[in-house]
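Each remark here refers to the structure printed beneath this line.
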Amino acid sequence: MLNQVCVLTIKVKDMEEGVDFYTNILDFKVAQRYGDTIIRLEHNGVPLILEKTAKQDTTTSTKVLLGIQSQNIQGDFQRLQEKGVSILSSKPLPCPPGFYFVIEDYSGNQLEIVEYVDQEMEE
């Protein structure tokens, strides 16, 4: 069932400026680094992910992306495909904590469907 918000991703042009803003201005704490382009921040409840994007991401066109947790990414991908939902990739894609794909609602809002493989990412 796809009804649990599990992550909020914020796309940033410069990772150091992004980390500086969210930690020094908004008092978040860096919880985990996934290389140079993805950082998870500590937050009360839903994890906040900073993702560096040098240019417009071809998978998503939004700068803030709501993530909905999947327990069966392949099954949910197939089910949404069968229902005619606009899916922006041909299959679930790997990401540091597991797999994801992006869908669009009827207004063009993008939502990320995520299945965690790394249990530490689940909160």
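Nothing in this text is a laboratory measurement; each read-out follows from the coordinates by a stated rule. Nothing here was measured: the structure is a model prediction, and the numbers come from that model. In this analysis, Cβ positions are derived from the backbone assuming ideal geometry, glycine residues included, and neighbour counts consider all displayed protein chains.
Data for the structure
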item: Cα-Cα over 26 Å, subset of K52/K91; K29/K52; K29/K91; K63/K91; result: K29/K91
item: Helix-derived mean residue ellipticity, 222 nm - over the chain, DSSP H n ≥ 4, -39500 (n - 2.57), to 500; result: -3500 deg cm²/dmol
item: The stretch 5-121: equivalent-ellipsoid semi-axes (sqrt of 5 x gyration tensor eigenvalues, Cα, Å); result: 25, 16, 12
item: Using alpha-carbon coordinates, inclination of helix 73-82 to the longest axis of the chain, degrees; result: 50
item: Ranked packing of 10-21, 65-76, most packed first, by mean Cβ within 10 Å; result: 65-76, 10-21
item: Per-pair calculated FRET efficiency, R0 = 35 Å: I10 and R79 via Cβ, rounded to 0.05; result: 0.80
